[in-house]
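Asker: Please read through the structure below; I'll follow up with questions.
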Amino acid sequence: MRFAKILCAILALGLVPGLAVARPAPESFSGLAKRLLPTVVNISTSQTLKAPPPTAMPKLPPGSPLEDLFKNFMGPRGGQPRHVTSLGSGFIIDPSGFIVTNNHVIPSDSITVTLADGVTLPAKVVGRDPKTDLALLKVNPRTPLPAAKFGNSDTAEVGDWVMAIGDPFGIGSTVTAGIVSARNRNINSGDYDDFIQTDAPINRGNSGGPLFDMDGNVIGINSAIFSPSGGSVGIGFSIPSNLARQVVGQLRQFGGTRRGWIGVRIQQVTPEIAEGLGVNNVRGALVTNVTNGGPAARAGLRNGDLITGFDGKPVGDDRALPRIVADTPIGKTVSLDMLRRGQKQTLKITVQRLAEDDKAVKSAKPAPPPTKTASRLARMGLTLGALDAPARAKFKVGAGVQGVLVTAVEEGSVAGEKKLRAGDVIVEISSQPVKTVQEVSGKIEADAKAGKKVVLLLISREGDLTFVGLALN
């Protein structure tokens, strides 16, 4: 009996290495809620949409009994402007009146903030960041406001208790609780997806509200839900506070963001691509294109390099690198770790500021006859052709792209399973440029004879480069 008590004490103190100790559920959230409710606000916006064009009445004989029917059905002949309102949540981060919310909560600049005590204040937009769906507002209160503090979202673990406060459906301040269900969620909303998933009930109107840990610190900004019905089904997503803190700081200082940029396009490393590169793992971000004159080009980075570390931080996949680079101070020179043909290398690279790209508009044009392919290409499901002027015109291939055109892909083939399609251009095979069908066929045959299981293709699709690994059979 005494031994059991001693063991329980040891476990409670966490003195057994490697053994997880569950934290007890809180007896009540009331104390935390009472302290934090005043830091959360309701946000309402209004905007007037332009009047729709007037609807033409059908031509009817004078005095027709259908005339009144059409008037009642179609409404006034002159279109009327429409007044639209929306609701959301936010939280105060500074007693002087700075408020964080979601960018999608404030579609207009006519914004009203309602404090927990019912006081309403007009708000102005300090800055927005559509890429992370964050916005910073400012109100001018008569007295200092209670403010919430950002916590460290990196320490939030799956299973930790969390509490959400917001204004769902505009019914008023509402407190809900749950746990961290998952981390690093990608919901395909942008380049910087890294959401905390929670089962704390979040509904429409909660957007922009805080997700608190049990110390009362903001570890997330509630931003989205997954819901077939439109209501909470226990799958909500919050922007991590460590990402939000940096963005909000830049919005406050500059009115916009200052993200780092190194000038590369990257993609995920699949097992097939790893086989083609001759590496044993699928961690890292694979370089598919290097911007001429950019930081990566000046540092010596090449297509096919596998970035595994940046500024002392590991790069786990193609999603991690953009976030790490974006958070790096502009002008800082850092170390970049990579694998080039299986060999470890470290380069020095200086981060520049990200500028928005203006995508060139490409004109449409007409089609090339396919040339005969080799038998192995046929077994892989590929039909190739020369990249001549008619082919460039039909598939809108820019003059700067050199290689061999894919003119057809057999459904259900090896190439079809990897989503290759007509109009793709094979630029390289196994890191060697190709310009003719014969070169493609010869290099694939050579790889097969050398005992390789996968041939690595560098594909240009609509001007973007990507690596594709095809199994050799």
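Asker: Please pick out the residue among ILE202, ILE187, ILE179 that is out of contact with any helix residue (DSSP H, G or I) (no Cβ under 8 Å at 6 or more places or on another chain) and not in a strand (DSSP E or B).
Answerer: After ruling out the rest, the residue left standing is ILE187.
Asker: Of all strands (runs of 3 or more DSSP E) completely enclosed by the range 379-457, which ones contain at least 2 residues that are touching a strand residue (DSSP E or B) at 6+ places or on another chain (Cβ under 6 Å) and of a type in the set (Gly, Ala, Ser)? Spell out how you get there, then give the answer.
Answerer: Working: elements: 382-385, 404-409, 425-429.
Of the strands (runs of 3 or more DSSP E) lying wholly inside the range 379-457, none has at least 2 residues that are touching a strand residue (DSSP E or B) at 6+ places or on another chain (Cβ under 6 Å) and of a type in the set (Gly, Ala, Ser).
Asker: Can ILE239 be described as more than 24 Å from ALA326 (Cβ to Cβ) and within 18 Å of the chain's Cα centre (by Cα)? I'd like the intermediate steps shown before the answer.
Answerer: Working: more than 24 Å from ALA326 (Cβ to Cβ): no; within 18 Å of the chain's Cα centre (by Cα): yes.
No, not satisfied.
Asker: Could you list all residues from the range 159-176 that are in a loop (DSSP other than H, G, I, E, B) and within 15 Å of ILE239 (Cα to Cα)? Give the derivation first.
Answerer: Just the residues of the range 159-176 that are in a loop (DSSP other than H, G, I, E, B), to begin with: 159-160, 167, 171-173.
Across the range 159-176, there are no qualifying residues.
Asker: Filter the range 121-147 for residues that are touching a residue at least 24 places away in the same chain (Cβ under 8 Å) and part of a loop (DSSP other than H, G, I, E, B) and give the result.
Answerer: PRO130, LYS131, THR132, ASP133, VAL139, ASN140, PRO141, PRO144, LEU145, PRO146, ALA147, listed by residue number.
Asker: If you don't mind, another one. Quick test for you: out of VAL440, VAL455, VAL427, pick the one residue that is out of contact with any Ser or Thr (no Cβ under 8 Å at 6 or more places or on another chain), within 16 Å of GLY276 (Cβ to Cβ) and β-branched (Val, Ile, Thr). Talk me through it step by step, then tell me what you get.
Answerer: Details: VAL455 fails: out of contact with any Ser or Thr (no Cβ under 8 Å at 6 or more places or on another chain); VAL427 fails: out of contact with any Ser or Thr (no Cβ under 8 Å at 6 or more places or on another chain).
Testing whether each residue is out of contact with any Ser or Thr (no Cβ under 8 Å at 6 or more places or on another chain), within 16 Å of GLY276 (Cβ to Cβ) and β-branched (Val, Ile, Thr) leaves just VAL440.
Asker: Inside the range 335-355, can you point out the residues that are outside any strand (DSSP E or B) and under 26 Å from the mean Cα position of the chain (by Cα)?
Answerer: VAL351, LEU354, ALA355
Asker: Please list, ordered by residue number, the helices (runs of 4 or more DSSP H) wholly in the range 242-334 having 3 or more residues that are of a type outside the set (Ser, Thr, Tyr), farther than 30 Å from LYS453 by Cβ and in contact with a strand residue (DSSP E or B) (Cβ under 7 Å, 6 or more places away or on another chain). Working first, answer last.
Answerer: Numbers: elements: 271-277, 295-299, 320-327.
The qualifying helices (runs of 4 or more DSSP H) are 295-299, 320-327.
Asker: Now for a different question. Out of the residues in the range 276-292 that are under 13 Å from ILE266 (Cα atoms) and either touching a residue at least 60 places away in the same chain (Cβ under 8 Å) or of a type in the set (Val, Ile, Thr) (or both), state the one that is surrounded by the fewest Cβ atoms within 10 Å (Cβ to Cβ).
Answerer: THR291
Asker: Within the range 294-307, is there a residue that is under 24 Å from ASN188 (Cα atoms) and either at pLDDT below 90 or crowded, with 16+ Cβ neighbours inside 10 Å (or both)?
Answerer: The first filter runs over the range 294-307 and keeps only residues under 24 Å from ASN188 (Cα atoms), leaving 306-307.
Now restrict to residues that are either at pLDDT below 90 or crowded, with 16+ Cβ neighbours inside 10 Å (or both): 306-307.
Yes: the range 294-307 contains one or more residues that are under 24 Å from ASN188 (Cα atoms) and either at pLDDT below 90 or crowded, with 16+ Cβ neighbours inside 10 Å (or both).
Asker: So, in the range 113-126, how many residues would count as being of a type outside the set (D, E, K, R) and over 19 Å from ARG252 (Cα atoms)?
Answerer: So in the range 113-126, the residues of a type outside the set (D, E, K, R) come out as 113-116, 118-123, 125-126.
This time we only want the ones that are over 19 Å from ARG252 (Cα atoms), so: 114-116, 118-121.
Going through the range 113-126 one residue at a time, the tally reaches 7.
Asker: I would also like to ask the following. Does the range 439-457 hold any residues that are closer than 24 Å to GLY398 by Cβ and touching a residue at least 60 places away in the same chain (Cβ under 8 Å), and which are they? Steps first, please.
Answerer: Restricting attention to the range 439-457, the residues satisfying the condition of being closer than 24 Å to GLY398 by Cβ are 439-440, 443, 456-457.
Within the range 439-457, VAL440, LEU456 qualify.
Asker: Could I ask something else about it? Go through (1) assigned to a loop (DSSP other than H, G, I, E, B); (2) in contact (Cβ under 8 Å) with a residue 24 or more places away in the chain one by one and return the number of the condition GLY118 breaks.
Answerer: (2)
The values are calculated or read from the model by the stated rules, or taken from the named source; none is laboratory data. This is a predicted model, so every value here is computed, not measured. Because the Cβ atoms are built from the backbone with ideal geometry, glycine has one as well, and the counts that use them run over all protein chains shown.
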